[in-house]
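One structure is given below, encoded as structure tokens.
Computed from the coordinates by the stated procedures, all read-outs in this text should not be read as laboratory data. Please read these numbers as outputs of a predicted model, since none were measured by experiment.
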Amino acid sequence: MESEPLGWMRLRSTRHARFWCGYHFVWIPKYRRDLLVGEVAEYARGVLEEILLELGCEAIAVEVMPDHVFALCPPRHS
């Protein structure tokens, strides 16, 4: 398969498709309330980055929004 760099991701291709494989994790508070603001958001981001570091996950993106948190990580074997 052929790889082509495109920004931070590498597209792979077959005869009929181009694709990128990754995990998109999303955590949402109950009732999707706007709880993740200010110090709480900073704390959530720090804890998530710590956990990802412990797991050996090289996160491409980690975002803390008022009503959800998400992380985008490549798989180890794909």
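Note on Rg and Dmax of the Cα atoms in Å: of the candidates [x] 33.1, 113; [y] 16.9, 50; [z] 15.6, 49, the value calculated from this structure sits at [z].
In degrees from 0 to 90, rounded to the nearest 10, what is the angle of the helix 39-55 Cα long axis to the longest principal axis of the chain? With both axes taken from Cα atoms, the answer is about 40 degrees.
The relative contact order of the chain comes to 32 percent, based on Cα pairs under 8 Å that sit 6 or more residues apart. Which of Glu49, Glu39, Glu63 moves the most in a Gaussian network model of the chain with Cα springs under 10 Å? Looking only at Glu49, Glu39, Glu63, the biggest GNM fluctuation is shown by Glu39. Think of it as helices only: each DSSP H run of n ≥ 4 in the chain is worth -39500 (n - 2.57), and spread over all residues that comes to -7500 deg cm²/dmol at 222 nm.
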